[in-house]
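Below is one structure, written out as structure tokens, with a few remarks after it.
The values are calculated or read from the model by the stated rules, or taken from the named source; none is laboratory data. This is a predicted model, so every value here is computed, not measured. Ideal geometry is used to build each Cβ from the backbone, glycine not excepted, and the neighbour counts take in all protein chains shown. Each accessible area value is taken on the protein alone, full model and side chains, heavy atoms only, with ligands, DNA and RNA left out. Shrake-Rupley method; radii C 1.70, N 1.55, O 1.52, S 1.80 Å.
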Amino acid sequence: MTEKTYHVLGLGNAILDILARTEDGFLDAQGMVKGTMALIDTDRAEAIYAAMGPAIESSGGSAANTIAGLAALGARTAFVGRVADDTLGQVFRHDIRALGVAYDTPAAAPTPPTARCFVLITPDGQRTMNTYLGASVHLSPDDVDENEVARAEILYVEGYLWDLAPAKEACLKAMRAARRNGTRVAFSLSDKFCVDRFRAEFHRLIDDHIDILFANEAEITALAETDDFDAAMRSVAGRVEIAALTRSEHGSVIVPREGAPVHVEASPVEAVVDTTGAGDLYAAGFLYGLTHGFDLARSARLGGLAAAGIIGQIGPRPAGSIADLVARSA
């Protein structure tokens, strides 16, 4: 068995986040559905950028945010995701490596450019995302080093990758390598509309490849095609080793393959500034716990603390070390 030198290896879209505060009226005028993520083309990306107000640029992407959060907690991590050989790609590469994350995916040609996600934050802290996938579409099975997968305790994959056929094949290659090498596979459903697009495929993944499933309430109920959270929770019970289901201010519920669900209260938040990255940082805290011998309740508490911290700031990544949260979760 290959030595496990990484706690978690992430596989996801490498995206630069462009974050701006806005009002509900701007979303309505742009035809955006509040609180969701939409895929856009180059022309739409340019139109949104021209219309939105002053912005903050930050390296992002769902799985990349989780890996960055794990690194900020003190975990050993690596990431696989494609950027272009352009200025934004250099920014992304610098940012993630500066956190101590191993990131060696070669850059693609400058065209199409590095992916970016326009994150519009309304006064209630909700974020509405419009994503131009750009160079991230070039992620392919060739980018997956099976030896790297074997060196990780957990492989973490974001559901957003299912929008791209080559990226989907890269995910499946990584998942199969994980199975052969004793690496557990964690998967995030990512977005309700992502679930709607790929429900049947996600069900097959859950039954054939996934050990640890992350989903928020909207995603898990969409997967189960019900409005009843308890029914949705029961629909995944026994199908994965662990299902970690988040419910915003109602905390989270951890559903193990055996035994009763574990309910954990939400961590207090002084003010909701920006919900971008809340689910990503919850996953970071939870996975840190799993890879450091914590029980399910403590892992969920750490996830809640990490999520609470990130929604009190603008942007999806911790500004520095958050290792103090580990002790607070005990």
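Looking at 160, 156, which one is in a helix (DSSP H, G or I) and among the aromatic types (Phe, Trp, Tyr)?
Numbers: 156 fails: in a helix (DSSP H, G or I).
Unique residue meeting the criteria: 160.
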| query | Which residues, counting only those in the stretch 281-290, are closer than 13 Å to residue 308 by Cβ and either more than 10 Å from the chain's Cα centre (by Cα) or open to solvent by 20 Å² or more (accessible area, probe 1.4 Å) (or both)? | reply | 285
| said: For the stretch 134-168: of the residues being open to solvent by less than 20 Å² (accessible area, probe 1.4 Å) and within 12 Å of residue 61 (Cα to Cα), which is farthest from the chain's Cα centre (by Cα)? | reply: 136
| query | So, in the stretch 174-198, of the ones that are within 13 Å of residue 162 (Cβ to Cβ) and open to solvent by 50 Å² or more (accessible area, probe 1.4 Å), which residue ends up nearest to the chain's Cα centre (by Cα)? | reply | 193
| query | Under 6 Å by Cβ, and 6 or more places apart or on different chains, what pairs join a residue from the stretch 150-169 that is touching a residue at least 24 places away in the same chain (Cβ under 8 Å) and more than 16 Å from residue 288 (Cα to Cα) with one that is surrounded by fewer than 21 Cβ atoms within 10 Å (Cβ to Cβ) and among the small types (Gly, Ala, Ser)? | reply | 166/140
| message | Need the failing condition index for residue 104 against (1) within 25 Å of residue 176 (Cβ to Cβ); (2) without any contact (Cβ under 8 Å) to a residue 40 or more places away in the chain; (3) surrounded by 19 or more Cβ atoms within 10 Å (Cβ to Cβ), just the number. | response | (3)
| Filter result (under 16 Å from residue 252 (Cα atoms) and charged (D, E, K, R)) within the stretch 283-323 | 295, 298, 301
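Among the listed residues 154, 212, which satisfies the condition of being closer than 20 Å to residue 264 by Cα and in contact with a strand residue (DSSP E or B) (Cβ under 7 Å, 6 or more places away or on another chain)? Steps first, answer last, please.
Numbers: 154 fails: closer than 20 Å to residue 264 by Cα.
Only one candidate qualifies: 212.
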| So which of 271, 319, 266, 330 ends up being free of Cβ contacts under 8 Å to residues at least 24 places away in the same chain, of a type in the set (Gly, Ala, Ser) and surrounded by fewer than 18 Cβ atoms within 10 Å (Cβ to Cβ)? | 319
| request: Test residue 81 against the stated conditions and say whether it is touching a Gly at 6+ places or on another chain (Cβ under 6 Å), open to solvent by less than 30 Å² (accessible area, probe 1.4 Å), over 16 Å from residue 154 (Cα atoms) and of a type in the set (Gly, Ala, Ser). | output: yes
| Going through the stretch 211-236 one residue at a time, which ones are in contact with a Lys or Arg (Cβ under 8 Å, 6 or more places away or on another chain), among the aliphatic types (A, V, I, L, M) and outside any strand (DSSP E or B)? | 218, 222, 223
| remark: The condition from (1) in contact with a Gly (Cβ under 8 Å, 6 or more places away or on another chain); (2) without any contact (Cβ under 8 Å) to a residue 60 or more places away in the chain; (3) in a loop (DSSP other than H, G, I, E, B) that residue 190 misses is numbered (2)
| task | List the number of the failed condition for residue 325; all other conditions in (1) of a type in the set (A, V, I, L, M, F, W, C); (2) at pLDDT below 95; (3) open to solvent by less than 40 Å² (accessible area, probe 1.4 Å) hold. | result | (2)
